[in-house]
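*Asks:* Supplied in structure tokens, the structure appears directly below.
The values are calculated or read from the model by the stated rules, or taken from the named source; none is laboratory data. Please read these numbers as outputs of a predicted model, since none were measured by experiment. Because the Cβ atoms are built from the backbone with ideal geometry, glycine has one as well, and the counts that use them run over all protein chains shown. Heavy atoms of the whole protein, side chains included, go into the accessibility calculation; ligands, DNA and RNA do not. Shrake-Rupley method; radii C 1.70, N 1.55, O 1.52, S 1.80 Å.
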Amino acid sequence: MTDPLVIERVQDDAGNNSIALITLNRPEIKNAISDADVIDAFDAMVDQLNADGSVKVAVFTGEGDIFSGGGNIKAMKNRTGMFAGDVEQLQKNYKQFIQRIPLAFARLQVPVIAAVNGPAVGAGNDMVCMCDIAIASNKATFSESFIKLGIIPGDGGAWLLPRRVGMQKAMEMALTGRAFSADEALAMGLVSRVVEHDQLVGNALGLARQMATNDARCLRETKRLFREAQSQTLEQALDSAATIQGILHHEPSFKL
């Protein structure tokens, strides 16, 4: 069986392999992310990138013609894997399986750019929101489609999606379950740009290279500051900024 996640190192403009290109590699099951081996791979990937100080930026995409179909529909239908068991067991399964993915992304210290190469469905759509920035192929579509299956976002979508697009658009996506085009996703702020399909990964790597011209620690600290500020008061955010700034002013990377 192939690795669920393929991690390649890509050179930045200085010739250093500081960019991690991560590919979700399960096209035969529409890049579903609910199987145990895929979830374990996400945890391992985050630990690996966090521990490697030479990694400055990550780009995340899907293999084939789909970004991610979210949950494994076959497993849902057959009630196997994380979808097996009675009500109580299913509650435990969601915590022990797919809910580990948003927690893993929340632990990821390096900035991550989603290169959305095709449909991002259900938990796949929510995974776009787990990334710091998203660039979409003009062939990409986005659907918070849980309601079409008679279920709700069990992977943190109710927390993630409104923070990306606002409550009103998040509710429209969740309550209709319909597929939104790449241009609609751009208009609502779900992605930051839409590019021609054959230019997607190159465009995402180009943005990663722009980021990688900056200091590795400063990139991580800037991401941490912005992420933590989303749940802080202004006073707490200012206190965090002062603490980090005091340290960085004495780092070799500080320059005028």
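*Asks:* Per the Kirkwood treatment, what hydrodynamic radius in Å, one decimal, follows for the range 37-106 from the mean inverse distance over all distinct Cα pairs? Spell out each step's value before the answer.
*Replies:* Values: mean 1/r = 0.0714 Å⁻¹.
Roughly 14.0 Å, rounded to one decimal.
*Asks:* GNM, the chain, Cα, under 10 Å: largest mean-square fluctuation among Met76, Met45, Met127?
*Replies:* Highest fluctuation among the options: Met76.
*Asks:* Still on this model: What do you reckon, how do Ser34, Ser192 stack up by accessible area (1.4 Å probe), largest on top? Could you put the intermediate results ahead of the total?
*Replies:* Numbers: Ser34 0, Ser192 65 Å².
Listed by decreasing accessible area, they come as Ser192, Ser34.
*Asks:* Pairs of alpha-carbon atoms within less than 8 angstrom and 6+ residues apart define the contacts here; what relative contact order does the range 68-128 have, in percent?
*Replies:* Values: 37 pairs, mean separation 34.3, N = 61.
With pairs under 8 Å counted, the relative contact order is 56 percent.
*Asks:* Something else now. What is the magnitude of the charge dipole of the range 108-246 about its Cα centre, with +1 placed on the Cβ of each Lys and Arg, -1 on the Cβ of each Asp and Glu, and no other charges, expressed in debye to the nearest 20?
*Replies:* 120 debye
*Asks:* Given 0.36 nm per residue, what is the gain on full extension from Ile29 to Leu103 after removing their alpha carbon distance, in nm? Intermediate values should be presented prior to the final figure.
*Replies:* Working: separation 74, 0.36 × 74 = 26.64 nm, distance 2.30 nm.
Using 0.36 nm per residue and subtracting the Cα-Cα distance, I get 24.3 nm.
*Asks:* Taking H placed 1.01 Å from N in the peptide plane, check which residues at least 5 places from Ser34 or on another chain put their amide H under 5 Å from its amide H.
*Replies:* Excluding prolines and chain starts, which carry no amide H, the hits are Asn72.
*Asks:* Right, next: Averaged over all directions, how much area does the convex hull of the C-alpha atoms of the range 73-178 cover when projected, in nm²? Write out the running numbers ahead of the final one.
*Replies:* Values: hull surface 28.4 nm².
Average projection, Cα convex hull of the range 73-178: 7.1 nm².
*Asks:* What are the ³J(HN,Hα) values, in whole Hz, obtained from phi via the Karplus relation 6.51 cos²θ - 1.76 cosθ + 1.60 with θ = phi - 60°, for each residue of the range 167-174 in sequence order, with x given for Gly and Pro?
*Replies:* With the stated coefficients, the range 167-174 comes to 5, 5, 5, 4, 5, 4, 5, 6 Hz.
*Asks:* May I pose another question? Where is the GNM fluctuation largest for the chain (alpha-carbon springs, 10 angstrom cutoff): Gly69, Gly166, Gly118?
*Replies:* Top of the fluctuation ranking is Gly166.
*Asks:* Hey, what's the per residue convex hull volume over the C-alpha atoms of the range 1-117, in cubic angstrom?
*Replies:* Values: hull volume 11.8 nm³, N = 117.
Each residue corresponds to 101 Å³ of Cα convex hull volume.
*Asks:* Which value, in Å² rounded to 10, gives the accessible area of Glu251 with a 1.4 Å probe and all protein chains present?
*Replies:* 60 Å²
*Asks:* For the range 49-204, with the dipole built from +1 on Lys and Arg beta-carbon atoms and -1 on Asp and Glu ones, taken about the Cα centre, which of Gly62, Leu161, Leu103 lies farthest toward the positive end?
*Replies:* Leu103
*Asks:* Work out, step by step, the length gained on full extension between Ala14 and Phe226: first 0.36 nm times the residue separation, then minus their alpha carbon distance; give nm to one decimal. List each step's numbers first, then the result.
*Replies:* Numbers: separation 212, 0.36 × 212 = 76.32 nm, distance 2.66 nm.
Gain on extension, Ala14 to Phe226, equals 73.7 nm.
*Asks:* Tell me, what is the per residue accessible area of the range 25-178 in Å², probe radius 1.4 Å? If you can, show how the numbers build up before the last one.
*Replies:* On the way: 6690 Å² over 154 residues.
For the range 25-178, the per-residue accessible area is 43 Å².
*Asks:* Output the pairs from Lys92/Lys148; Lys148/Lys223; Lys30/Lys95; Lys77/Lys169 with a Cα-Cα distance over 25 Å in this structure; if there are none, say none.
*Replies:* Working: Lys92/Lys148 23 Å; Lys148/Lys223 35 Å; Lys30/Lys95 22 Å; Lys77/Lys169 30 Å.
Correct reply: Lys148/Lys223; Lys77/Lys169.
*Asks:* For the chain, take the longest principal axis of its alpha carbons; what is the angle in degrees between that and the long axis of helix 216-229, to the nearest 10 within 0 to 90?
*Replies:* The answer is roughly 60 degrees.
*Asks:* Write down Rg/Rh for the range 156-218, rounded to two decimals, with Rg from the C-alpha atoms and Rh from the Kirkwood relation over Cα pairs.
*Replies:* Working: Rg = 15.0 Å, Rh = 13.7 Å.
The Rg/Rh ratio comes out at 1.09.
*Asks:* Compare Asp52, Asp43, Asp183 in a GNM of the chain, Cα atoms joined below 10 Å, and give the one with the largest fluctuation.
*Replies:* Asp52
*Asks:* Here's something else I'd like to know. How big is the equivalent ellipsoid of the range 128-256 along its three axes, where each semi-axis is √(5λ) from the Cα gyration tensor, reported in whole Å from largest to smallest? Mind dumping the intermediate values first?
*Replies:* On the way: eigenvalues 216, 91, 20 Å².
Over the Cα atoms of the range 128-256, the ellipsoid semi-axes are 33, 21, 10 Å.
*Asks:* Another one. In nanometres, what is the gap between the two model label sites at Asp3 and Asn78, each 7 Å from Cα along Cα-to-Cβ?
*Replies:* 2.6 nm
*Asks:* Let me know the charge dipole size of the chain about its Cα centre in debye, to the nearest 20, where only the beta-carbon of Lys, Arg (+1) and Asp, Glu (-1) is charged.
*Replies:* Values: 25 positive and 30 negative charges, 76 e Å.
Result for the chain is approximately 360 debye, rounded to the nearest 20.
*Asks:* Of the accessible area of the chain, with the probe set at 1.4 angstrom, what percent is carbon plus sulfur? Each step should come with its number before you reach the end.
*Replies:* Working: 7090 of 12920 Å².
Carbon and sulfur together cover 55 percent of it.
*Asks:* A follow-up question, please. Quick one: length gained pulling Trp159 to Gln236 fully straight, 0.36 nm per residue minus the C-alpha distance?
*Replies:* Working: separation 77, 0.36 × 77 = 27.72 nm, distance 2.12 nm.
Stretched out fully, the Trp159 to Gln236 stretch lengthens by 25.6 nm.
*Asks:* Let me ask something else about it. For the range 18-75, what's the radius of gyration and Dmax over Cα atoms, in angstrom?
*Replies:* 12.5, 39
*Asks:* Hey, another quick one. Over the Cα atoms of the range 3-46, Rg to Rh with Kirkwood Rh, two decimal places? Spell out each step's value before the answer.
*Replies:* Working: Rg = 12.6 Å, Rh = 11.5 Å.
Taking Rg over the Kirkwood Rh, I get 1.10.
*Asks:* How big is the chain by Rg and Dmax over its Cα atoms, in Å?
*Replies:* Considering the chain through its Cα atoms, Rg and Dmax are 18.4, 61 Å.
*Asks:* Say a site is exposed when it is one of the trypsin sites (Lys or Arg not before Pro), sits in a DSSP loop, and has at most 13 other Cβ atoms within 10 Å; what is then the longest site-free stretch of the chain?
*Replies:* Working: sites that count: Arg79, Lys255.
Free of exposed loop sites, the longest segment is 80-254.
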